[in-house]
1. If Ala19 passes every condition in (1) within 16 Å of the ligand (Cβ to nearest atom); (2) at pLDDT 95 or above; (3) in a helix (DSSP H, G or I); (4) touching a His at 6+ places or on another chain (Cβ under 9 Å) but one, which one does it miss?
2. Quick check, is Leu31 outside any helix (DSSP H, G or I), modelled with pLDDT of 95 or more and either surrounded by fewer than 22 Cβ atoms within 10 Å (Cβ to Cβ) or within 13 Å of the ligand (Cβ to nearest atom) (or both)?
3. Restricting to strands (runs of 3 or more DSSP E) lying wholly in region 75-181: which have 2 or more residues that are more than 14 Å from the chain's Cα centre (by Cα) and more than 16 Å from the ligand (Cβ to nearest atom)?
4. Which one is surrounded by the most Cβ atoms within 10 Å (Cβ to Cβ) among residues in region 155-174 that are among the small types (Gly, Ala, Ser) and under 12 Å from Ile84 (Cα atoms)?
5. Condition first: hydroxyl-bearing (Ser, Thr, Tyr) and more than 15 Å from the ligand (Cβ to nearest atom). Now tell me which residues in region 34-59 satisfy that.
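The values are calculated or read from the model by the stated rules, or taken from the named source; none is laboratory data. Remember, it's a predicted structure, so these values are computed and weren't measured experimentally. Don't worry about glycine lacking a Cβ; one is built from the backbone with ideal geometry, like all the others, and counts go over all protein chains shown.
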Amino acid sequence: MEGIYQAQQQLLKAAARLAAHGWLRATSGNLSLKLADRPLTIAITRSGADKAELHEDDIIVWRNDQVIWGDGQVSAECGVHQAIYQRAKVNAVFHVHTVANNLASARTDAPCLEIRGNEMLKALGFWQEDAVVRLPVIENHSNLEHLALAARKALVAEVPGLLIRNHGLYAFGTTVKDSLRHLEAFEFLFEWLLTA
Ligand SMILES: [Zn+2]
(Lines give C-alpha, C1' and ligand atoms only; values in the text may rest on other atoms or scores of the structure.)
Protein backbone atom coordinates (compact mmCIF):
# COMPACT_ATOMS: atom_id res chain seq x y z
CA MET A 1 0.00 0.00 0.00
CA GLU A 2 1.66 3.19 -1.18
CA GLY A 3 2.39 5.76 1.50
CA ILE A 4 1.15 3.58 4.33
CA TYR A 5 4.49 3.21 6.13
CA GLN A 6 4.97 6.98 6.30
CA ALA A 7 1.33 7.49 7.32
CA GLN A 8 1.69 4.94 10.13
CA GLN A 9 4.79 6.69 11.50
CA GLN A 10 3.15 10.12 11.31
CA LEU A 11 -0.04 8.93 13.03
CA LEU A 12 1.88 7.07 15.75
CA LYS A 13 3.94 10.19 16.48
CA ALA A 14 0.87 12.45 16.54
CA ALA A 15 -1.04 10.04 18.79
CA ALA A 16 1.88 9.86 21.25
CA ARG A 17 1.89 13.65 21.47
CA LEU A 18 -1.88 13.87 22.04
CA ALA A 19 -1.71 11.04 24.58
CA ALA A 20 1.00 12.95 26.47
CA HIS A 21 -1.58 15.73 26.92
CA GLY A 22 -4.03 13.15 28.32
CA TRP A 23 -6.41 13.63 25.39
CA LEU A 24 -6.79 9.99 24.26
CA ARG A 25 -8.32 8.37 27.32
CA ALA A 26 -10.34 5.15 27.43
CA THR A 27 -9.67 4.32 23.74
CA SER A 28 -11.46 7.54 22.72
CA GLY A 29 -10.46 9.70 19.78
CA ASN A 30 -9.33 8.86 16.28
CA LEU A 31 -6.72 10.10 13.85
CA SER A 32 -6.59 9.93 10.07
CA LEU A 33 -4.43 10.94 7.13
CA LYS A 34 -5.46 11.20 3.51
CA LEU A 35 -3.54 8.90 1.17
CA ALA A 36 -5.39 9.68 -2.09
CA ASP A 37 -8.20 11.89 -3.35
CA ARG A 38 -10.04 9.96 -6.06
CA PRO A 39 -11.34 7.75 -4.75
CA LEU A 40 -10.91 9.15 -1.25
CA THR A 41 -8.49 6.82 0.58
CA ILE A 42 -7.52 7.38 4.20
CA ALA A 43 -5.27 5.77 6.81
CA ILE A 44 -7.15 5.80 10.12
CA THR A 45 -6.86 4.36 13.63
CA ARG A 46 -8.87 1.17 13.97
CA SER A 47 -11.92 0.99 16.20
CA GLY A 48 -11.22 -0.07 19.78
CA ALA A 49 -7.47 0.53 19.59
CA ASP A 50 -5.88 2.17 22.63
CA LYS A 51 -4.65 5.32 20.89
CA ALA A 52 -2.49 6.14 23.89
CA GLU A 53 -0.40 3.04 23.05
CA LEU A 54 -0.84 2.88 19.32
CA HIS A 55 0.97 0.26 17.21
CA GLU A 56 1.54 0.07 13.44
CA ASP A 57 -1.17 -2.57 13.03
CA ASP A 58 -3.70 -0.24 14.68
CA ILE A 59 -3.62 1.84 11.49
CA ILE A 60 -5.85 0.56 8.69
CA VAL A 61 -6.76 1.90 5.27
CA TRP A 62 -10.31 2.75 4.26
CA ARG A 63 -11.78 3.46 0.84
CA ASN A 64 -15.32 3.32 -0.61
CA ASP A 65 -16.88 2.37 2.74
CA GLN A 66 -14.57 -0.55 3.37
CA VAL A 67 -11.26 -1.50 4.91
CA ILE A 68 -8.87 -2.26 2.06
CA TRP A 69 -5.65 -2.76 4.04
CA GLY A 70 -4.99 -4.05 7.56
CA ASP A 71 -7.14 -5.93 10.06
CA GLY A 72 -10.02 -4.51 12.04
CA GLN A 73 -12.84 -2.06 11.62
CA VAL A 74 -12.81 1.68 11.28
CA SER A 75 -14.38 3.78 13.99
CA ALA A 76 -18.08 4.49 13.55
CA GLU A 77 -17.02 8.12 13.32
CA CYS A 78 -15.15 7.51 10.08
CA GLY A 79 -18.10 9.17 8.31
CA VAL A 80 -17.21 12.47 9.99
CA HIS A 81 -13.61 12.17 8.77
CA GLN A 82 -14.96 11.47 5.29
CA ALA A 83 -17.27 14.52 5.45
CA ILE A 84 -14.36 16.74 6.48
CA TYR A 85 -12.08 15.47 3.69
CA GLN A 86 -14.85 16.00 1.17
CA ARG A 87 -15.72 19.53 2.33
CA ALA A 88 -12.36 20.95 3.34
CA LYS A 89 -9.08 20.79 1.44
CA VAL A 90 -7.16 19.06 4.22
CA ASN A 91 -4.88 16.05 4.59
CA ALA A 92 -5.01 15.22 8.31
CA VAL A 93 -8.00 15.00 10.68
CA PHE A 94 -7.61 14.48 14.43
CA HIS A 95 -10.42 13.95 16.94
CA VAL A 96 -10.20 14.03 20.75
CA HIS A 97 -12.60 13.86 23.68
CA THR A 98 -11.46 16.17 26.49
CA VAL A 99 -13.15 17.58 29.58
CA ALA A 100 -12.38 21.10 28.34
CA ASN A 101 -13.87 20.62 24.87
CA ASN A 102 -16.98 19.00 26.35
CA LEU A 103 -17.51 21.84 28.84
CA ALA A 104 -16.80 24.51 26.22
CA SER A 105 -19.33 22.92 23.85
CA ALA A 106 -21.99 23.08 26.57
CA ARG A 107 -21.46 26.80 27.21
CA THR A 108 -23.71 27.74 24.32
CA ASP A 109 -26.88 26.48 22.65
CA ALA A 110 -25.87 28.31 19.48
CA PRO A 111 -24.59 26.53 16.36
CA CYS A 112 -21.16 28.07 16.95
CA LEU A 113 -18.84 28.95 19.79
CA GLU A 114 -17.40 32.45 19.49
CA ILE A 115 -13.82 32.89 20.61
CA ARG A 116 -12.15 36.31 20.67
CA GLY A 117 -9.51 38.33 22.46
CA ASN A 118 -6.66 35.85 22.73
CA GLU A 119 -3.21 35.73 21.11
CA MET A 120 -3.65 31.99 20.46
CA LEU A 121 -6.16 32.76 17.67
CA LYS A 122 -3.08 33.37 15.49
CA ALA A 123 -2.27 29.65 15.71
CA LEU A 124 -5.60 29.09 13.94
CA GLY A 125 -4.66 31.53 11.17
CA PHE A 126 -6.56 34.53 12.54
CA TRP A 127 -4.13 37.44 12.67
CA GLN A 128 -6.38 40.52 12.85
CA GLU A 129 -6.44 42.35 16.17
CA ASP A 130 -10.23 42.08 16.51
CA ALA A 131 -10.48 38.53 15.13
CA VAL A 132 -13.43 36.37 16.13
CA VAL A 133 -13.38 32.64 15.49
CA ARG A 134 -16.81 31.09 15.12
CA LEU A 135 -16.22 27.41 15.70
CA PRO A 136 -19.17 25.33 14.42
CA VAL A 137 -20.93 23.25 17.09
CA ILE A 138 -23.24 20.37 16.17
CA GLU A 139 -25.37 18.11 18.33
CA ASN A 140 -24.13 14.65 19.21
CA HIS A 141 -26.42 12.42 17.12
CA SER A 142 -26.27 8.77 18.11
CA ASN A 143 -27.05 7.97 14.49
CA LEU A 144 -23.61 8.28 12.90
CA GLU A 145 -25.03 9.01 9.45
CA HIS A 146 -26.90 12.00 10.88
CA LEU A 147 -23.72 13.08 12.64
CA ALA A 148 -21.72 12.97 9.39
CA LEU A 149 -24.46 14.87 7.56
CA ALA A 150 -24.61 17.55 10.28
CA ALA A 151 -20.81 17.83 10.14
CA ARG A 152 -20.88 18.30 6.39
CA LYS A 153 -23.43 21.13 6.68
CA ALA A 154 -21.73 22.90 9.60
CA LEU A 155 -18.15 23.12 8.33
CA VAL A 156 -16.93 26.60 7.37
CA ALA A 157 -13.95 27.18 5.12
CA GLU A 158 -11.96 29.55 7.34
CA VAL A 159 -12.21 27.60 10.62
CA PRO A 160 -10.09 24.41 10.96
CA GLY A 161 -12.29 22.71 13.52
CA LEU A 162 -15.69 21.29 14.43
CA LEU A 163 -17.07 20.77 17.93
CA ILE A 164 -19.61 18.07 18.77
CA ARG A 165 -21.61 19.00 21.85
CA ASN A 166 -20.71 16.97 24.95
CA HIS A 167 -18.59 14.69 22.80
CA GLY A 168 -15.38 16.13 21.35
CA LEU A 169 -13.42 18.22 18.89
CA TYR A 170 -12.33 17.57 15.31
CA ALA A 171 -9.36 19.63 14.12
CA PHE A 172 -7.76 19.45 10.70
CA GLY A 173 -5.19 20.97 8.40
CA THR A 174 -3.17 20.51 5.24
CA THR A 175 -0.31 18.84 7.13
CA VAL A 176 0.00 16.79 10.32
CA LYS A 177 1.84 19.73 11.87
CA ASP A 178 -1.01 22.12 11.03
CA SER A 179 -3.63 19.75 12.42
CA LEU A 180 -1.71 19.34 15.67
CA ARG A 181 -1.26 23.10 16.00
CA HIS A 182 -4.96 23.70 15.39
CA LEU A 183 -5.99 21.01 17.88
CA GLU A 184 -3.65 22.28 20.60
CA ALA A 185 -4.72 25.90 19.98
CA PHE A 186 -8.40 25.02 20.28
CA GLU A 187 -7.83 23.05 23.49
CA PHE A 188 -5.80 25.95 24.92
CA LEU A 189 -8.64 28.34 24.06
CA PHE A 190 -11.28 26.05 25.62
CA GLU A 191 -9.30 25.86 28.88
CA TRP A 192 -8.87 29.63 28.83
CA LEU A 193 -12.58 30.23 28.15
CA LEU A 194 -13.52 28.00 31.07
CA THR A 195 -11.30 29.78 33.53
CA ALA A 196 -11.89 33.33 32.25
ZN1 LIG B 1 -15.63 10.72 19.31
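1. Tallying (1) within 16 Å of the ligand (Cβ to nearest atom); (2) at pLDDT 95 or above; (3) in a helix (DSSP H, G or I); (4) touching a His at 6+ places or on another chain (Cβ under 9 Å), Ala19 fails exactly one: (4).
2. Yes, satisfied.
3. Counting at least 2 such residues, we get 112-116, 132-138.
4. Of region 155-174, the ones among the small types (Gly, Ala, Ser) are 157, 161, 168, 171, 173.
Imposing the further condition that a residue be under 12 Å from Ile84 (Cα atoms) reduces the set to 157, 161, 171, 173.
Details: Ala157: 8, Gly161: 25, Ala171: 29, Gly173: 22.
Selected residue: Ala171.
5. Residue satisfying the conditions is Thr41 alone.
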